[in-house]
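The values are calculated or read from the model by the stated rules, or taken from the named source; none is laboratory data. These numbers come from a predicted model, not from an experiment. With ideal geometry, Cβ positions are generated from the backbone for all residues, glycine too; neighbour counts draw on all protein chains shown.
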Amino acid sequence: MRTVISGFGHALPFKTVDNKTIVELMNTTEEFIETRTGVLTRKHISENESTSVLMVEACKKAIERANLLPEDIDMLIVNTLSPDYHDPSQACLIQPLLSLKNTIPVFDIRAQCSGLLYGMDIARQFIATGTHQNILVCCGEALSKRMDYSDEGRNLSILLGDGAGAVVLSSSKNEDKGILDVSIHADGSYFKLLWTESPGTSGKTFNGDDSKCSYFRMNGKEMFNHAVEKFTEVAVQILKKNNLTLEDIDVIIPHQPNMRILDAVMSNLEIPKEKMQINVHKYGNIASGSLPVTLSEYMSDTPEEERAGKLGLIIGYGSGATWGSILYKF
């Protein structure tokens, strides 16, 4: 049996925010944003919306494209770092909103920007045992709700966008398509490359005594170097393991951290730009939402008969640090 992507979908807010608008909110320039990040626009939700709105839309599209009904889904895996509420899980929140059965397992994971990779591998394991047939994996963010407009937070905030993507993974007897291999990793010694202190139990939290603790904090230079290193490394490793080279890969679907990181990875791997799916200039960095949105866009924009048989490499890197890759035959 092979695990295949039977359905896919993504959702983006209606509102487009350009760099001119960002400059009005914080101490930066349009030239700096474009030069340092490659981001031209990003999507932001409205004040009365939350992450679940985007997740539900993406999931409904994925279920419909899989030609399934909500009751056919037998597990839900969710990844987000911007849930509607601190607890319980975001998965429990959206389960009834999607009309999924109230007896199936639903849970959150926290693999950050690598969430789709981790979620797909977890789903693959359950499908391989034969206990589950159709597993919904959803990753999404509303990062505009977590922007720090101060000088301390601006270099990350200029990147942030909102969006969600989802895939339905199903068992298939068709050995000519599906997940061929997965490689996922983590190194917690890089925990404070990008982190948020509150809410938590580290000492300053839950008491409301330091609101800055609820904002992202990033060690930008070190994170850039580590991300480029691991993006490059994990691509080479999975190809070598499967006796493949980058020439055998038809399409590369990466997480979209910023354009400078993607440029460095393409340079390291000597990848032509046309082989890599890039949308960071349109949507910014959507954290865990970036990979499934990029994957869904590729599958939406490429007719099934055109992508059939193509070999894809899905790669990602996130805080934690986490990273990974999936070799997938469309």
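Mind listing whichever residues of the stretch 77-101 are surrounded by fewer than 16 Cβ atoms within 10 Å (Cβ to Cβ) and hydroxyl-bearing (Ser, Thr, Tyr)?
Across the stretch 77-101, the qualifying residues are Tyr85, Ser99.
So, His44, is that one surrounded by fewer than 22 Cβ atoms within 10 Å (Cβ to Cβ), assigned by TED's automatic domain parsing to the domain that holds Leu156 and either at pLDDT below 95 or in contact with an Asp or Glu (Cβ under 6 Å, 6 or more places away or on another chain) (or both) or not?
In short, no.
Go through Ser170, Ser82, Ser144 for me and flag whichever is closer than 24 Å to Leu193 by Cα, of a type in the set (Ser, Thr, Tyr), out of contact with any Pro (no Cβ under 9 Å at 6 or more places or on another chain) and modelled with pLDDT of 95 or more.
Result of the check over Ser170, Ser82, Ser144: Ser82.
Out of the residues in the stretch 25-39 meeting the condition of being hydroxyl-bearing (Ser, Thr, Tyr) and assigned to a helix (DSSP H, G or I), tell me which one is surrounded by the most Cβ atoms within 10 Å (Cβ to Cβ).
The qualifying residue surrounded by the most Cβ atoms within 10 Å (Cβ to Cβ) is Thr37.
Can you name every residue in the stretch 1-47 that is more than 24 Å from Gly140 (Cβ to Cβ) and in contact with a Gly (Cβ under 6 Å, 6 or more places away or on another chain)?
If the condition is that a residue be more than 24 Å from Gly140 (Cβ to Cβ) and in contact with a Gly (Cβ under 6 Å, 6 or more places away or on another chain), then Arg2 is the only one that fits.
Given the criterion outside any strand (DSSP E or B) and without any contact (Cβ under 8 Å) to a residue 60 or more places away in the chain, identify the matching residue among Ser144, Ser150, Ser189.
Ser189
Would you check which residues across the stretch 53-76 are surrounded by fewer than 17 Cβ atoms within 10 Å (Cβ to Cβ) and either without any contact (Cβ under 8 Å) to a residue 60 or more places away in the chain or touching a Lys or Arg at 6+ places or on another chain (Cβ under 6 Å) (or both) and list them?
Across the stretch 53-76, the qualifying residues are Glu64, Leu69, Pro70, Glu71.
Please pick out the residue among Ser114, Ser50 that is under 14 Å from the mean Cα position of the chain (by Cα) and either surrounded by 24 or more Cβ atoms within 10 Å (Cβ to Cβ) or more than 25 Å from Leu193 (Cβ to Cβ) (or both).
Among Ser114, Ser50, only Ser114 is under 14 Å from the mean Cα position of the chain (by Cα) and either surrounded by 24 or more Cβ atoms within 10 Å (Cβ to Cβ) or more than 25 Å from Leu193 (Cβ to Cβ) (or both).
Condition check ((1) in the same structural domain as Phe32 (by TED's automatic domain parsing); (2) in a loop (DSSP other than H, G, I, E, B); (3) at positive phi; (4) surrounded by fewer than 15 Cβ atoms within 10 Å (Cβ to Cβ)) across all residues:
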position	(1), (2), (3), (4)
Thr103	yes, yes, no, yes
Asp108	yes, no, no, no
Arg124	yes, no, no, no
His132	yes, yes, no, no
Cys139	yes, no, no, no
